[in-house]
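For reference, the structure discussed in these notes is given below.
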Amino acid sequence: MNSQTSKGITLVFGTAVISGFAIFINSYGVKGFDPYLYTFLKNVVVALFLVGLLLGLKEFKQLKKLKRKDWLILAIIGLVGGCIPFLLFFKGLSMTAAASGAFIHKTMFIYVAVLAAVFLREKIPNRLFVAGALLLMGNLYFLKFLPVNFQVGDLLVLTATLFWAVENVISKYALKSLSPRIVAFGRMGIGAVFITAFLFFTGGFSTISSLTELHWQWVFISSVVLFGYVTTWYTGLKYINVSTATIILLLGSPITSLLVFIFQGQGFSVQQLIGTGLLVFGVGLAIGLRVIWETIRSLPKVVYAPRT
């Protein structure tokens, strides 16, 4: 395994950790907030952060060199990744049970694997099918949820998940020629432009004047977390298969529950412990224990100076 693969896996593991924190933080930040406006403000702030990063790394000039094809791909990423699925997902969650929506969203790795195999020619090892079954079982146990019926809200969440699956595959393709920062800017910046149009025509900006200082603080905090998410995600995605990357992201769920346990005192149930074990084992099987071990060995070592 080369160093770039190790780098990609390490970064996406970091994305999973950030994802666990993001879900926990957003559960507080979105309260008393219009979810569409909340998403828009976060996207705008992150887009500004990315502009600053592009300027700092002297990559902003590359935007002027992009071809029409590149801008078209970035626009598609912004539409199908940074706009439509967010609107569908939040609307769907308001119409269905949280556990149902969460489980449907966690099936994204299946659609990504299929799309990546067809359009990116990614090889799907046989162990991935076993790992997929373990991951689905792990989510069922972890979320303490058993699908019974399918409602309109579930359909909206499923549609959003499919959009995100398509966007991840397109982003992986775009990363062959574009930097991760530019692809992230396409998703967040251009996505914010599309959401702006949606809010303008639906009157979604009418509540912005009622936002308090606390609201803006939550927007900033969640934006910093989201900035960390997109920068580690797209940088890591450049070096590993998109199907592997989306599987690693499933580790975000146990991290969220760990935060809930620490800060809210809600312990893990036996079902969730079993689910966590299945998720960890499934991710390990999908990636390969040898790859994980080599990735750990490649991490920077901390050298301690001897005491005198």
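Every number here is computed from the coordinates shown, using simple stated rules; none is lab data. This one's a predicted model, so the numbers in the text were calculated from it and none came from an experiment. Glycine also receives a Cβ, built like all others from the backbone with ideal geometry; neighbour counts cover every protein chain displayed.
Just to confirm the filter: which trypsin sites (Lys or Arg not before Pro) across region 57-98 are DSSP coil and have at most 12 other Cβ within 10 angstrom of their Cβ?
58, 61, 67
Given the Cα-Cα distance of residue 51 and residue 75 and 0.36 nm per residue of separation, how much length would full extension add, in nm?
Contour length minus Cα-Cα distance gives 7.0 nm.
Would you kindly derive the ³J(HN,Hα) couplings of region 167-174 from the backbone phi angles with the Karplus curve 6.51 cos²θ - 1.76 cosθ + 1.60 (θ = phi - 60°), listing them in order in whole Hz, with x for Gly and Pro?
5, 5, 5, 5, 5, 4, 5, 5
Mind listing the phi-derived Karplus ³J(HN,Hα) values for region 66-71, rounded to whole Hz, using 6.51, -1.76 and 1.60 with θ = phi - 60°, and x for any glycine or proline?
Running phi through 6.51 cos²θ - 1.76 cosθ + 1.60 with θ = phi - 60° gives 5, 7, 4, 4, 5, 5 Hz.
5 Å is the cut-off here: which amide hydrogens, built 1.01 Å from N in the peptide plane, fall below it relative to residue 124, excluding neighbours closer than 5 in sequence?
none
Tell me, what HN-Hα J-couplings in whole Hz come from the Karplus equation 6.51 cos²θ - 1.76 cosθ + 1.60 at θ = phi - 60° for each residue of region 274-288, using x for Gly and Pro?
4, x, 4, x, 5, 5, 5, 5, x, 5, x, 5, 5, 7, x
Put one equal scatterer on each alpha carbon of the chain, apply the Debye formula with no solvent term, and list log10 I(q)/I(0) at q = 0.07 1/Å to two decimals.
So the normalised log intensities are -0.28.
For the chain, what does -39500 (n - 2.57) per DSSP helix run (n ≥ 4), summed and divided by total residues, give at 222 nm, in deg cm²/dmol to the nearest 500?
-24000 deg cm²/dmol
Quick one: of 42/65; 42/176; 65/123; 123/172; 61/176, which pairs are farther than 23 Å apart, Cα to Cα?
Pairs exceeding the cut-off: 42/65; 42/176; 65/123.
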